[in-house]
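Just so it is clear, none of the values below were taken in a lab; they were calculated from the coordinates. Because the structure is a prediction, the values reported are computed rather than measured. Counting neighbours? That spans all protein chains shown, and the Cβs are built from the backbone with ideal geometry, glycine included.
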Amino acid sequence: MATFIISGSRGTDDPTMATLPFMAAKTAKEQGHDVVLWLWNEAVTLGRKGVADHVVGVNLTPLKDLLTAVQTAGVPIWVCGACAVARQIGPTDLVASASIKAMPDYIKAVAERDRNVMF
């Protein structure tokens, strides 16, 4: 089993790229790997309740279904704190299994993981 941190930086501005980190997290978890999903830049908007309901990438599974799968699998969703503040997103705005984390948390996780996959 490998350990992954999968990072996404795109949000509703690019539905296809926004969906890919969720697909990767779901797939890695299904293969038995330990996964953390890190959302930063515009991707933090995907951690807000209700936003995933309206995101569908080109020829991809709707984000709301991938989000549900990731949550059900117990993948922690980390939302960049500075990025969230810039977009007026607070802890009560987040979907279940999402939490606001700081850059030191991200760097520590990257250092501890086998793989860092970025979208």
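So, in region 1-53, of the ones that are in a helix (DSSP H, G or I) and of a type in the set (Ser, Thr, Tyr), which residue ends up farthest from ASP105 (Cα to Cα)? Among residues in region 1-53 that are in a helix (DSSP H, G or I) and of a type in the set (Ser, Thr, Tyr), the one farthest from ASP105 (Cα to Cα) is THR16. Of the residues making up region 75-94, those that are of a type outside the set (Phe, Trp, Tyr) and touching a residue at least 24 places away in the same chain (Cβ under 8 Å) are VAL75, PRO76, ILE77, VAL79, CYS80, CYS83, ALA84, ARG87, ILE89, ASP93, LEU94. I'd like the full set of residues that are touching a strand residue (DSSP E or B) at 6+ places or on another chain (Cβ under 8 Å) and free of Cβ contacts under 8 Å to residues at least 60 places away in the same chain, limited to region 1-17. If the condition is that a residue be touching a strand residue (DSSP E or B) at 6+ places or on another chain (Cβ under 8 Å) and free of Cβ contacts under 8 Å to residues at least 60 places away in the same chain, then MET1 is the only one that fits.
Residues of region 100-117 that are of a type in the set (A, V, I, L, M) and surrounded by 14 or more Cβ atoms within 10 Å (Cβ to Cβ): ILE100, ALA109, VAL110, VAL117.
I need the full set of residues from region 47-61 which are closer than 22 Å to GLU30 by Cα and free of Cβ contacts under 8 Å to residues at least 24 places away in the same chain, in order please. Correct list: ASN59 only. Counting only residues that are outside any helix (DSSP H, G or I) and of a type in the set (A, V, I, L, M), which one in region 66-95 is farthest from ARG10 (Cα to Cα)? Checking each candidate, the answer is ALA73. Residues in region 71-94 that are out of contact with any strand residue (DSSP E or B) (no Cβ under 7 Å at 6 or more places or on another chain) and over 15 Å from VAL35 (Cα atoms) were compared, and the one that is surrounded by the fewest Cβ atoms within 10 Å (Cβ to Cβ) is THR92.
Taking every residue in region 95-119 that is farther than 14 Å from THR3 by Cα and pairing it with any residue that is surrounded by fewer than 15 Cβ atoms within 10 Å (Cβ to Cβ) and of a type outside the set (A, V, I, L, M), at least 6 positions away or on another chain, the pairs with Cβ-Cβ distances below 6 Å are VAL95/LYS49; ILE100/PRO91.
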